[in-house]
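In what follows, a single structure is set out as structure tokens and then discussed.
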Amino acid sequence: MEASPTVAAWLSFGATAFGLGSLISQANAINDKLDPFHANRTVEYLGMVWIQRQAQFPWWIIAKSPPVGPIIRGSLPDGFCGVQNLHLTRVPLTHCGKAGWSALLSIIHLDAPVAHHSSSDDLAEKAMSRSRSLSISADSTPRYLVANPSEWDDLKHTHLVRHQSSACIVVSRATFMLMMCLTNARKVFQYSDAAGFRAGYGSYCGQWYITWPIGQEAIVKSAPHDSHNATADVYPPSYPQRVDRCIKMLAGIVEAHSSSLRVAFCGRKAPGRYLLKVVPKGFPGAHGSRHLYNMLGGKVYEVDFMSAVKDRSDVGGRDTTIEVASREHGSMAVMRIEEREETVIRCALDCLPWSSLSWSIHRGLRDVLVAYATPTMNEHREQLAQLLKQTVVEKSQLLIRRGWNQQFVQHSMADMAASAVLAGFGESGDLVRVVTDIVLVLVDGWDLAKLDDVNFWRRTDRSLDLDGVVALTKLFVLEWSNDFDYQLYHDLPMSLFFA
């Protein structure tokens, strides 16, 4: 009889312990039911910057409002989130977390990151700073690349949307296309079948993935490079990017502010013979990139159109003829260029926008300009390559001041630049940055307006002066640019979840 109370007490204790254990084991499931964003309210997901921008809730609050993220919009007139001239880094300079939109805003900056040199005593402390990333300077002493953690504070916020296990913002397909061309994206794979649409794009600043299963929402994800880090990078920490120029090159439009030139190029044609004809203000009647240009806020009615019509004439005379790639792999299209159109092409070559990185480009524009200019480029390749090597030797200190690693400048940069120019084509954004920065040092003091509009192709004497070096460097950038499907938006819905 005396044992009964003891047994009852132990049974009661066991039942209580079992109940508490069951409750604790179900804590995560309960949290997920009460707060669907429970797993997304962490620094590992949102990153250091955005975790500090979230509302704080007392412990007794059960129903919490969704976390917030940025409203990201892009257009030709307004740029990216209202900014036209940006600075991009190869990898994030802040702890950005798993959210792709957080990583993107850790790569795109309003101003160039600042390098701060530090002693070994405060190395560990500063390496943990949320706004700094360790790198190696020209003289091999540690430095920190400082990105302003409050640079995107002015962005309007919106509640995040839960999709599967991700907390997403919503972007338009036009904004998505802009973000990809800003980061110099190129197609890696693309599938459209009964299961839906899937695509992967590599870019200079990371990877893009698009998934749109049948009957579900379309989701896009962005991930930084896992093959690059700031400590091993011998390049300057950032490079400038102009939003409006990226959009126009994607749409196949060249514009000269010093003249009336504003012309769009047609896309690839089927194999055959064609005649290039400039149609004044003909872009509104063209197919292809016109729709994308409209979506991004461009005024198509202001743009002439370089069309390709079937050439049924046997009269060639002294007209220039070029061969370009056709729609069918392995086949070519032949295009005849009359005097008026040749004048437009020469002006377009002179007035290509300057860029430190290759373009995600309209392939019709690239095909015509490269095919026309290649014979002249080939005449100067050796001389241009030697000039770049000589510039690295003579102006190495200027390159080091621009942020290039000293050992890299002294032992690798010259040969890399020369080999890139001599190759004639490629996909390396790093080599484009090497060549263009050497040219910027060579023409020290030129502003962007002068770089955008040179006089080389429009003159009869095409000697390799500074105008010629800049003009041929802009052609080199075209040779190394990535063809991009400007009609990708046809495969996408009006808006996408950006996870």
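The values are calculated or read from the model by the stated rules, or taken from the named source; none is laboratory data. Here the structure is a predicted model, which is why all the values come from computation and not from measurement. Using ideal geometry, Cβ is built from the backbone for each residue, glycine included, and neighbour counts are taken over all protein chains shown. When the accessible area is computed, the model is the full protein with side chains, heavy atoms only, and any ligands, DNA or RNA have been set aside. Shrake-Rupley method; radii C 1.70, N 1.55, O 1.52, S 1.80 Å.
What are the pairs, 6+ residues apart or on separate chains, where a residue within the range 292-312 that is on the phi > 0 side of the Ramachandran plot has its Cβ under 8 Å from a residue that is open to solvent by 60 Å² or more (accessible area, probe 1.4 Å)?
From the range 292-312, the pairs are GLY297/PRO77; GLY297/ASP78.
Hey, among SER140, SER150, which residue is within 30 Å of GLY297 (Cβ to Cβ), surrounded by fewer than 22 Cβ atoms within 10 Å (Cβ to Cβ) and either modelled with pLDDT under 90 or touching an Asp or Glu at 6+ places or on another chain (Cβ under 7 Å) (or both)?
On inspection, the qualifying residue turns out to be SER150.
What number of residues within the range 248-267 satisfy the criterion of being open to solvent by 40 Å² or more (accessible area, probe 1.4 Å) and either modelled with pLDDT of 95 or more or within 30 Å of THR89 (Cα to Cα) (or both)?
Final tally of qualifying residues: 2.
State yes or no: is PRO113 surrounded by fewer than 23 Cβ atoms within 10 Å (Cβ to Cβ) and touching a residue at least 60 places away in the same chain (Cβ under 8 Å)?
Answer is no for this residue.
Here are some residues: VAL114, VAL43. Which one is closer than 30 Å to MET177 by Cα, at pLDDT below 75, under 30 Å from the mean Cα position of the chain (by Cα) and not polar (S, T, N, Q)?
VAL114
For the range 206-233, enumerate the residues that are touching a residue at least 60 places away in the same chain (Cβ under 8 Å), surrounded by 18 or more Cβ atoms within 10 Å (Cβ to Cβ) and either of a type in the set (Phe, Trp, Tyr) or in a loop (DSSP other than H, G, I, E, B) (or both).
Of everything in the range 206-233, those that are touching a residue at least 60 places away in the same chain (Cβ under 8 Å), surrounded by 18 or more Cβ atoms within 10 Å (Cβ to Cβ) and either of a type in the set (Phe, Trp, Tyr) or in a loop (DSSP other than H, G, I, E, B) (or both) turn out to be TRP212, ALA218, PRO224, ASP233.
One line per residue, one yes/no per condition, for (1) open to solvent by less than 70 Å² (accessible area, probe 1.4 Å); (2) under 18 Å from HIS362 (Cα atoms); (3) over 17 Å from the mean Cα position of the chain (by Cα); (4) among the charged types (D, E, K, R):
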position	(1), (2), (3), (4)
GLN241	yes, yes, no, no
CYS246	yes, yes, no, no
ARG273	no, no, yes, yes
ARG290	yes, yes, yes, yes
TYR293	yes, yes, yes, no
LEU296	yes, yes, no, no
VAL300	yes, yes, yes, no
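Listed here are the residues, each with its yes/no results for (1) under 22 Å from ILE247 (Cα atoms); (2) over 20 Å from the mean Cα position of the chain (by Cα); (3) without any contact (Cβ under 8 Å) to a residue 40 or more places away in the chain.
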position: VAL454; (1), (2), (3): yes, yes, no
position: THR460; (1), (2), (3): no, yes, yes
position: LEU464; (1), (2), (3): no, yes, no
position: GLY468; (1), (2), (3): no, yes, no
position: SER481; (1), (2), (3): yes, no, no
position: PHE484; (1), (2), (3): yes, no, no
position: GLN487; (1), (2), (3): yes, no, no
position: PRO493; (1), (2), (3): yes, yes, no
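I'd like the residue in the range 339-373 that is assigned to a helix (DSSP H, G or I) and of a type in the set (Val, Ile, Thr) and, out of all such residues, is surrounded by the fewest Cβ atoms within 10 Å (Cβ to Cβ).
Filtering first and then ranking leaves THR343.
Looking only at the range 327-338, decide whether some residue is at pLDDT below 95, open to solvent by less than 30 Å² (accessible area, probe 1.4 Å) and within 26 Å of the chain's Cα centre (by Cα).
no
Within the range 381-388, does at least one residue satisfy the condition of being touching a residue at least 24 places away in the same chain (Cβ under 8 Å) and polar (S, T, N, Q)?
Yes, some residue in the range 381-388 is touching a residue at least 24 places away in the same chain (Cβ under 8 Å) and polar (S, T, N, Q).
What tally of residues in the range 50-105 results from selecting those that are in a loop (DSSP other than H, G, I, E, B) and open to solvent by 10 Å² or more (accessible area, probe 1.4 Å)?
Qualifying residue count, the range 50-105: 31.
Select the helices (runs of 4 or more DSSP H) contained entirely in the range 398-499, then report the ones holding at least 2 residues which are out of contact with any Pro (no Cβ under 7 Å at 6 or more places or on another chain), surrounded by 19 or more Cβ atoms within 10 Å (Cβ to Cβ) and modelled with pLDDT of 95 or more.
Fully inside the range 398-499 and qualifying: 414-423, 429-442, 466-479.
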